[in-house]
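**Q** I have a structure here, written as C-alpha cells, and I will follow up with some questions on it.
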Amino acid sequence: MGVDLRICHLYPDLLNLYGDRGNIAVLVRRARWRGIAVEVTEVPAGTPLRAGAHDLYFIGGGEDRQQALAARDLQAGKGEVLREAVEAGAVLLAVCGGYQLMGHFYRPSEGADLPGVGLLDLTTRHPGKGHPRLIGNTVVRWEPPGAGTPSTLVGFENHGGRTRLGPGVRPLGRVVIGGGNNGEDGTEGAVYRNAFGTYLHGPLLSKNPWFADHLIALALRRRHGEVPLVPLDDDLEAAAHHTALRRTR
Amino acid sequence: MVDLRLGAGIAAGRLSGALIRALGLGGATTVPGRLARALVPDLLARLGRGLARGSVLVSGTNGKTTTARLLAWIGRRAGWACVHNRAGANLPAGIAAALLGQSALDGRVRGELGVFEVDEAALPLVSRALRPRVVVLGNLFRDQLDRYGEIDLVADRWRAALRDLPAEAAVIYNADDPLVADVARLRPGGRTFGIADPSLRRGERLEHAADGRYCYRCGIPYTYGAAYLGHLGEYHCARCGTARPPLDVGAAEVRLDGIAGSRFVLVAEGERAALTTVLPGLYNVYNVLAAAAAALALGIPLEAVAGAVREFVPAFGRGERMTIAGHPAYMLLAKNPAGFNEVLRSVLAEGRPIVAVIAINDLVADGRDVSWLWDVDFEMLADRCRLAVVTGVRAQDMAVRLKYAGLPQGTIAVEPDEARALRRGVGALQAGEPLYVLPTYTAMLRLRHILARDGVVHTSWED
C-alpha cells in the first residue's frame, strides 16, 4: 500500500501508570491488520524530540513525582516541538497526567506550579488533600466522527487535579457517569485541532476502537491524504465496551 | 475486675460468628470483628496485649497471605500457639475477628504469638493498636490504584506506622525494593532480606510492570546491576550513591523449578541452610525470605526454619495443587502486573503449550480498574498457549487484551460463567496434561466455591 504511520510514544518510562502502553499496542495492531506500516519511537526524558518526524504522539499518565520530571523535560525543548507539530496538523493523544501537562499549568495542593506546554487552553488545580480523587468507571458521550460509530466512550478515571477549559478548546465529550474534567461542569477531556486530551486512562483505545481508528485516519491524512480504513472484526472490543457500560450503571 | 463492656463485645462478636457459620453464610472472617469493635473501640489493643510472644504484622502489595501463613506454620512447628488471620481478611475487622476466635469472654487470648497479614493502607492503625514485636515490609507494587490513589501515598502511610512503632520492635524489610528501603531508612537497625544471586538477573532494563524506579532523593532513575522481578533488584543511584542496603538474610544459589517450586540456600549471619519449597516462582522466594527473616528475629533457629519451610503446604489459590476430572490443576492467584508476569513465567517454564483458565473480576477486593491487564506481558503467551478460556466479570476485557497480545483467534474462548469455563478448559486437555487456573482474588474465591461444591477442594475457611 505504501502507506506508513509514524507513532511517537513520549515518556514510556515516566508516564505509563495504568496500562497506558495498551493504547500504543491497539494503534499498532489496528494499523498493521490493515497493511499499514507502523513505526513506534519511544522518546524518554533526556532524549531530544525531532521536529516533524512523527504523525501521532501519545503521552500517558504518571504519579506526581514522575509527572514533575516529565514537566521539566517538556520545558527543556520537547514542548515547543509538540506545539509546532500540533499546529502543523499532527495528532496528539494525551491521557491523565500527560493531558494536564499539555495545558498552561498544574497547581499541586502544596509546592510550586508545574508549568505546562500550553498547547491546550486549560489549567489544572489540585483542590487539596481533603478533597476526594475522582475515581471510577466513566462513560462519556461524544460526537463520533462518522455515521454508524457509537456515541459513547468508556474508561476509568483516577485523578486528583481539577481541569478547567479555556475558550481555545472544546471538550472531548459530556460526562454521562463519572467526574470528568473537574466533577462540576460535565465536560470531559479537551480537543484542539487534532490534539485530544482525556482523563480516561490506561488502555482507553482498546474498548473504544472507533476512537483509535479516528486517530489513525487523522494521522494518515496529513501525508497520505484520505486513506479509507478497512473495517475490522471488532466483536470482542464491542463486547468489552458494553461490559464497561453495564458495569458503570 | 471483670470488664462487662469487653465481655459483651467479645460475646456479641463470637455469637455473630457462630450464627453466620451455622446459617452457612460464610466464614465469618470480618463481621464478628466489625461488631465487637463497634462495642469496644480499643478491642484490638486489649486482645493483642494477651499475646505472650507479641504480634508480627506482615504487609506489602504481593505475598502477604503466603508470608503470614508460612510464618504461622514455622511458629507452630516451633511449638507456639499462633493466632492468625489465615483466611486473608486483613483489615482491622478481620484481624479482630481472628483474635476473637481465640478469646475467652474475660478477654484472655488462647495463643502466644499473633501473626497477621495487614492491608498496606491499614498498617498505621493496626500497628498503633497492636504495638507489634516485628513488622515485615514486603514490597510495594502498583496494585489497586483505584483504592489507594498512588503508591507514594501508601509509602507515606508506612512511614507514619514506623514513626509510631515501639522502640524495641524489629522492622524487617525487602532491601531489593527501593521504595520499601526508602521507607525503612527512617528506622536504623532494621533487618533486610533479598536475593543474593546475580545469575537470576533479567538484564539492566526493567520489565514493563516495574514501579518505583526513581531515586527518592534525586529523582533520577536508579542504575540496576541486576533486576530480578519488577523493580526489585540490586540498584544504586549514580548521583547520590543511595543503594540497596546490605542483606542480613539472603537467598543464594537459587534454582527455580517452574510450577514445581524452587531450591535455594538461605544465608543469615554467616550460617547457611539448604531450602526447598513447593511454592513456585521468584516471588515466592521473596515470601520465604520474609517469613524466615521474621522467624529468625523471633529467635527460632535457622535449621528449624528450614525444616518447616520444606514441609509447608501453600495457601488456597496460591500455587495450590488439585485434581479436576482426573487432571492435575494449579490455582495461581494473579492480581497485579508483576505477580501475573511471574505466574506466567512459572507456568511457561514447563516448556509446552498450555491450557489456561483466566478469570478476571473487578470487584472492590480485586480493584475496580482493569487497566492493569495491559501492564502484564501476555505477549509471552502468544505462541505458547493452546487455549485460553477467559471468564469472570471482565472476561471481555481479558479477551481483548489477549487478542492484542497476538494470540491467534482460535486460542481465545470467552466464557463468562466460571463453571462452564472450567469445564471447557478441562475438555481441551490431553491425557495427563495440567490445567492452569489464573484468577484475580474474588474470582479465585468463586472458582474455589465451584470446585468445593463439586468436591474437588475444601472451602477456604475450613483449611
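Rule-based calculations on the coordinates, nothing more; no lab input. No experiment lies behind these values; they were computed from the predicted model shown. Cβ coordinates were reconstructed from backbone atoms using ideal geometry, including for glycine residues, and neighbour counts include every protein chain displayed.
**Q** In whole Å, what are the extents of the stretch B:288-341 along the principal axes defined by its C-alpha atoms, from largest to smallest?
**A** That works out to 44, 29, 14 Å along the principal axes.
**Q** Going by how many other Cβ atoms sit within 10 Å of their own, how do B:Lys403, B:Lys64 line up, fewest first?
**A** B:Lys403, B:Lys64
**Q** Take the residue pairs A:Lys78/B:Lys64; A:Lys129/B:Lys403; B:Lys335/B:Lys403; A:Lys78/B:Lys335 and return only those whose Cα atoms are more than 31 Å apart.
**A** Violating the 31 Å limit, Cα to Cα: A:Lys78/B:Lys64; A:Lys129/B:Lys403; A:Lys78/B:Lys335.
**Q** Let me ask something else. Starting from the amide H of B:Ala170, placed 1.01 Å from N in the peptide plane, find each other amide H under 5 Å away whose residue is 5 or more places distant or on another chain.
**A** Counting only residues 5 or more places away or on other chains, the set is B:Val134, B:Val135.
**Q** Once you order the gyration tensor axes a ≥ b ≥ c over the Cα atoms, which shape class does the stretch A:42-170 get: rounded for a/c under 1.5, otherwise prolate or oblate by comparing a/b with b/c?
**A** oblate
**Q** Now a separate question. Looking at A:Ile177, A:Ala90, A:Ala238, which one has the Cα that reaches farthest to the positive end of the dipole of chain A (charges on Cβ: Lys, Arg +1; Asp, Glu -1)?
**A** After comparing all options, I get A:Ile177.
**Q** Sequence-distant or interchain residues sharing an amide H contact under 5 Å with A:Leu17, placed H: which?
**A** A:Gly61
**Q** Counting Lys and Arg as +1 and Asp and Glu as -1, each charge on the Cβ, what is the dipole of chain B about the Cα centre in debye, to the nearest 20?
**A** 860 debye
**Q** Once you charge only the Cβ atoms, +1 for Lys and Arg and -1 for Asp and Glu, what is the size of the charge dipole of the protein assembly as shown about its Cα centre, to the nearest 20 debye?
**A** In total the dipole reaches around 1220 debye.
**Q** So what is the diffusion coefficient of the stretch B:4-150 in µm² per second by Stokes-Einstein at 10 °C and 1.306 mPa s, using a Kirkwood Rh over Cα pairs?
**A** D = 104 µm²/s.
**Q** Next question. Please give the charge dipole size of the stretch B:260-363, origin at the Cα centre, charges +1 on K and R Cβ atoms and -1 on D and E Cβ atoms. Round to the nearest 20 debye.
**A** That gives a dipole near 240 debye.
**Q** Taking the dipole about the Cα centre of the protein assembly as shown, with the C-beta of Lys and Arg at +1 and of Asp and Glu at -1, give me whichever of B:Val400, B:Thr276, B:Pro337 is farthest to the positive side.
**A** My answer, from the dipole projection, is B:Thr276.
**Q** Treat the count of other C-beta atoms within 10 Å as a stand-in for reagent exposure and order B:Trp374, B:Trp73 from fewest to most.
**A** B:Trp73, B:Trp374
**Q** Here is a follow-up. How shielded is A:239-245 by partner chains, expressed as the average number of their Cβ atoms within 10 Å of its Cβ atoms?
**A** 5
**Q** So, one more: Could you work out [θ]222 nm for chain A from helices alone, using -39500 (n - 2.57) per DSSP H run of at least four and dividing by all its residues? Round to the nearest 500 deg cm²/dmol.
**A** The helix contribution divided over chain A gives -8500 deg cm²/dmol.
**Q** For the stretch B:323-412, what ratio Rg/Rh do Cα atoms give with a Kirkwood hydrodynamic radius?
**A** Ratio of gyration radius to Kirkwood radius: 0.94.
**Q** I'd like to know which of B:Thr323, B:Val313, B:Leu296 lies farthest towards the positive end of the charge dipole of the stretch B:286-351, counting +1 on Cβ of Lys and Arg and -1 on Cβ of Asp and Glu.
**A** So the residue we want is B:Thr323.
**Q** Which of rounded, prolate, oblate describes chain A, given a ≥ b ≥ c as roots of the alpha-carbon gyration tensor eigenvalues and a/c under 1.5 marking rounded, otherwise prolate only if a/b is larger than b/c?
**A** Oblate, because a/c is 1.5 or more while a/b does not exceed b/c.
**Q** Let me ask another. Starting with the fewest neighbours, write out A:Glu157, B:Glu234 ranked by other beta-carbon atoms found within 10 Å of each beta-carbon.
**A** The fewest-first ordering by Cβ neighbours comes to B:Glu234, A:Glu157.
**Q** Around B:Val83, which amide H atoms from residues at least 5 apart in sequence, or from another chain, sit under 5 Å from its own amide H, with H modelled in the peptide plane?
**A** Close amide H contacts, sequence-distant or interchain: B:Glu112, B:Leu113, B:Gly114, B:Val115.
**Q** Where a ≥ b ≥ c are the square roots of the eigenvalues of the C-alpha gyration tensor, would you call the stretch B:307-463 rounded, which needs a/c under 1.5, or, failing that, prolate if a/b is larger than b/c, or oblate?
**A** Judged from the Cα gyration tensor, the stretch B:307-463 comes out rounded (a/c under 1.5).
**Q** Kindly state, as a whole number, the per residue volume in cubic angstrom of the convex hull around the alpha carbon atoms of the protein assembly as shown.
**A** 159 Å³
**Q** Per residue of the stretch A:136-153, in order, report the coupling 6.51 cos²θ - 1.76 cosθ + 1.60 (Karplus, θ = phi - 60°) as ³J(HN,Hα) in whole Hz, putting x for Gly and Pro.
**A** x, 4, 9, 10, 10, 9, 10, 8, x, x, x, 5, x, 9, x, 9, 10, 10
**Q** With viscosity set to 0.890 mPa s and temperature to 25 °C, compute the Stokes-Einstein D of chain B, Rh being the Kirkwood radius across alpha carbon pairs; µm²/s, no decimals.
**A** In µm²/s, the coefficient is 108.
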